[in-house]
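Visitor: Quick one: this structure, given as C-alpha coordinates, is what I'll be asking you about.
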Amino acid sequence: MRLDTFQTLADPTRRRIVETLRHGERQVNDIVEQAGIHQSGVSRHLRILHESGFVAVRPEGQRRLYSLRPEPFRELEEWLALYQDLWEARLDRFGAALEQRQKKQRGKHS
(Lines give C-alpha, C1' and ligand atoms only; values in the text may rest on other atoms or scores of the structure.)
Protein backbone atom coordinates (compact mmCIF):
# COMPACT_ATOMS: atom_id res chain seq x y z
CA MET A 1 0.00 0.00 0.00
CA ARG A 2 1.54 3.30 -1.08
CA LEU A 3 -0.05 6.45 0.28
CA ASP A 4 0.19 9.72 -1.56
CA THR A 5 2.02 12.64 0.00
CA PHE A 6 -1.06 14.25 1.50
CA GLN A 7 -2.42 11.01 2.95
CA THR A 8 0.98 10.35 4.47
CA LEU A 9 1.21 13.74 6.15
CA ALA A 10 -2.48 13.90 7.10
CA ASP A 11 -1.86 11.83 10.21
CA PRO A 12 -0.89 14.01 13.21
CA THR A 13 1.40 11.33 14.65
CA ARG A 14 3.35 11.10 11.40
CA ARG A 15 3.64 14.88 11.35
CA ARG A 16 5.06 14.77 14.92
CA ILE A 17 7.56 12.14 13.79
CA VAL A 18 8.54 14.29 10.80
CA GLU A 19 8.96 17.27 13.14
CA THR A 20 11.18 15.18 15.42
CA LEU A 21 13.31 14.05 12.47
CA ARG A 22 13.58 17.63 11.22
CA HIS A 23 16.20 18.11 13.93
CA GLY A 24 18.36 15.27 12.59
CA GLU A 25 18.79 11.54 12.59
CA ARG A 26 17.09 9.67 15.46
CA GLN A 27 16.68 6.14 16.70
CA VAL A 28 13.24 4.71 17.42
CA ASN A 29 13.45 5.23 21.20
CA ASP A 30 14.15 8.95 20.71
CA ILE A 31 11.16 9.22 18.39
CA VAL A 32 8.95 7.28 20.84
CA GLU A 33 9.88 9.77 23.56
CA GLN A 34 9.11 12.79 21.35
CA ALA A 35 5.94 11.41 19.72
CA GLY A 36 4.42 10.25 22.99
CA ILE A 37 3.09 6.93 21.68
CA HIS A 38 4.15 3.31 22.08
CA GLN A 39 7.05 1.89 20.10
CA SER A 40 4.75 -0.34 18.05
CA GLY A 41 2.81 2.74 16.88
CA VAL A 42 5.99 4.66 16.07
CA SER A 43 7.33 1.66 14.15
CA ARG A 44 4.13 1.41 12.12
CA HIS A 45 4.19 5.13 11.27
CA LEU A 46 7.91 4.99 10.43
CA ARG A 47 7.20 2.11 8.06
CA ILE A 48 4.53 4.18 6.31
CA LEU A 49 6.84 7.21 6.14
CA HIS A 50 9.63 5.00 4.76
CA GLU A 51 7.38 3.37 2.15
CA SER A 52 6.15 6.82 1.10
CA GLY A 53 9.73 8.01 0.64
CA PHE A 54 9.79 10.55 3.47
CA VAL A 55 12.17 8.65 5.73
CA ALA A 56 15.48 6.88 5.17
CA VAL A 57 16.73 4.12 7.47
CA ARG A 58 20.39 3.54 8.25
CA PRO A 59 21.46 0.48 10.20
CA GLU A 60 24.25 1.07 12.70
CA GLY A 61 25.09 -2.12 14.57
CA GLN A 62 21.95 -3.17 16.44
CA ARG A 63 20.34 0.25 15.99
CA ARG A 64 18.35 1.65 13.13
CA LEU A 65 18.65 5.37 12.59
CA TYR A 66 15.90 7.30 10.85
CA SER A 67 16.23 10.56 8.96
CA LEU A 68 14.17 12.66 6.57
CA ARG A 69 14.72 12.46 2.84
CA PRO A 70 14.51 15.86 1.10
CA GLU A 71 12.95 14.70 -2.19
CA PRO A 72 9.29 14.46 -1.07
CA PHE A 73 9.51 17.90 0.51
CA ARG A 74 10.92 19.33 -2.72
CA GLU A 75 8.02 17.76 -4.61
CA LEU A 76 5.59 19.39 -2.16
CA GLU A 77 7.32 22.73 -2.59
CA GLU A 78 7.11 22.43 -6.40
CA TRP A 79 3.42 21.57 -6.21
CA LEU A 80 2.70 24.50 -3.88
CA ALA A 81 4.65 26.85 -6.14
CA LEU A 82 2.04 26.22 -8.85
CA TYR A 83 -0.50 27.98 -6.63
CA GLN A 84 1.76 30.69 -5.25
CA ASP A 85 0.86 33.20 -7.99
CA LEU A 86 -2.83 32.68 -7.25
CA TRP A 87 -2.33 33.31 -3.53
CA GLU A 88 -0.05 36.28 -4.08
CA ALA A 89 -2.54 37.88 -6.48
CA ARG A 90 -5.30 37.50 -3.90
CA LEU A 91 -3.09 38.91 -1.17
CA ASP A 92 -2.16 41.84 -3.42
CA ARG A 93 -5.85 42.58 -4.07
CA PHE A 94 -6.59 42.28 -0.34
CA GLY A 95 -3.71 44.64 0.47
CA ALA A 96 -4.90 47.18 -2.09
CA ALA A 97 -8.48 47.01 -0.76
CA LEU A 98 -7.25 47.42 2.81
CA GLU A 99 -5.11 50.41 1.85
CA GLN A 100 -8.05 52.00 0.04
CA ARG A 101 -10.27 51.48 3.08
CA GLN A 102 -7.67 53.03 5.39
CA LYS A 103 -7.39 56.08 3.10
CA LYS A 104 -11.17 56.53 3.20
CA GLN A 105 -11.20 56.31 6.99
CA ARG A 106 -8.36 58.84 7.25
CA GLY A 107 -10.32 61.16 4.95
CA LYS A 108 -13.38 60.95 7.21
CA HIS A 109 -11.34 61.84 10.30
CA SER A 110 -9.55 64.82 8.71
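The values are calculated or read from the model by the stated rules, or taken from the named source; none is laboratory data. The model shown is predicted, which means the values in this text are computed figures rather than measured ones. In this analysis, Cβ positions are derived from the backbone assuming ideal geometry, glycine residues included, and neighbour counts consider all displayed protein chains.
Visitor: Which residue is nearest to TRP79 (Cα to Cα), if the candidates are limited to the stretch 1-26 and must be more than 16 Å from the chain's Cα centre (by Cα) and at pLDDT below 95? Explain how you work it out, then say what you get.
Guide: Residues of the stretch 1-26 more than 16 Å from the chain's Cα centre (by Cα): 1-2, 25-26.
Remaining after also requiring at pLDDT below 95: 1-2.
On the way: MET1: 23, ARG2: 19 Å.
Once the filter is applied, the top-ranked residue is ARG2.
Visitor: Let me ask another. Scan THR13, THR20, THR5 and give me the residue that is closer than 17 Å to GLU71 by Cα and of a type in the set (Ser, Thr, Tyr). Even if it seems obvious, please write down each step before you answer.
Guide: On the way: THR13 fails: closer than 17 Å to GLU71 by Cα; THR20 fails: closer than 17 Å to GLU71 by Cα.
That would be THR5, the only listed residue that is closer than 17 Å to GLU71 by Cα and of a type in the set (Ser, Thr, Tyr).
Visitor: Checking ILE37 against (1) modelled with pLDDT under 95; (2) within 15 Å of ARG22 (Cβ to Cβ); (3) aliphatic (A, V, I, L, M), which single condition isn't satisfied?
Guide: Failing condition for ILE37: (2).
Visitor: Of the conditions (1) of a type in the set (A, V, I, L, M, F, W, C); (2) over 19 Å from HIS23 (Cα atoms); (3) in contact with a helix residue (DSSP H, G or I) (Cβ under 6 Å, 6 or more places away or on another chain), ILE48 fails just one. Which one is it?
Guide: Every listed condition holds for ILE48 apart from (3).
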